[in-house]
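The block underneath contains the structure these notes are about, expressed in C-alpha cells.
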Amino acid sequence: MRIAGRTPDRLVLVDTRADRRLALVLVGLLLCGGAVLAAWNGAWVPVALLAAALAGLAGYARLSHSIATLTLDRTTGRITQVTEDRRGTLTRDWPLDGIQTAAVSTVGRRDTDSGRHCPTLVLTDGTTVPLRPWHSAGTQSWETVAAIR
C-alpha cells in the first residue's frame, strides 16, 4: 500500500499490487527469452510449451488484477475500504470510533515466523479485520500501520 493522499483530516492508502505485477513481467520476459533461444536452436516442442506457459501467465495476470483503496476520514468519522477486481467492487465500511488500533499480524501459520505479514485493524470488541490478506511486501505493512495510527 502506498499513501495516495494525506491531510490532517483524511488519509488515503492505495494498493495496486505493483510488486506482483513486476514479478509477473519478469517471469514473462524469462519465458520469452527461453522460447527465442529454443526457436533459435530449432527445438519447437519447448517453444510450444513455453508459449503455453506464457499464455497461462498472461491469463493469471488478467484474472487476478485488483486495486484496494483505504480511506480514513475524520470529518465523516468513517473508514472505507474499496476493493475492485474482476468480480466487481466490494466496499467495506467501519465507524472511526469503532477502531481501537492498527497492527501487523501474521496470516498463515501460527506460532512461527512463516506466513505473510498483513496490516489489520483491531476493533474495540477485540476482533481483527485484515486490510489485504495477501499484502506482504517488505516493510510496507509496518508503514501502513504507522500511517493509520
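Readers should treat all values here as calculations from the given coordinates under stated rules, not as data from a laboratory. Quantities reported herein were computed from a predicted structural model and do not represent experimental measurements. We place every Cβ from the backbone using ideal geometry, glycine too, and count neighbours over all the protein chains shown.
What tally of residues in region 1-32 results from selecting those that are over 27 Å from ARG74 (Cα atoms) and in contact with a Leu (Cβ under 9 Å, 6 or more places away or on another chain)? Give the derivation first.
Initially, region 1-32 is screened for residues over 27 Å from ARG74 (Cα atoms), giving 18-32.
Among the residues that remain, those that are also in contact with a Leu (Cβ under 9 Å, 6 or more places away or on another chain) are: 24, 27-28, 31-32.
Counting residues in region 1-32 that are over 27 Å from ARG74 (Cα atoms) and in contact with a Leu (Cβ under 9 Å, 6 or more places away or on another chain) gives 5.
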(message) Regarding region 75-90, can at least one residue be identified that is touching a residue at least 24 places away in the same chain (Cβ under 8 Å) and aliphatic (A, V, I, L, M)?
(response) yes
(request) Count, please, the residues in region 3-37 that happen to be without any contact (Cβ under 8 Å) to a residue 60 or more places away in the chain, within 18 Å of LEU121 (Cβ to Cβ) and not aliphatic (A, V, I, L, M). (result) 0
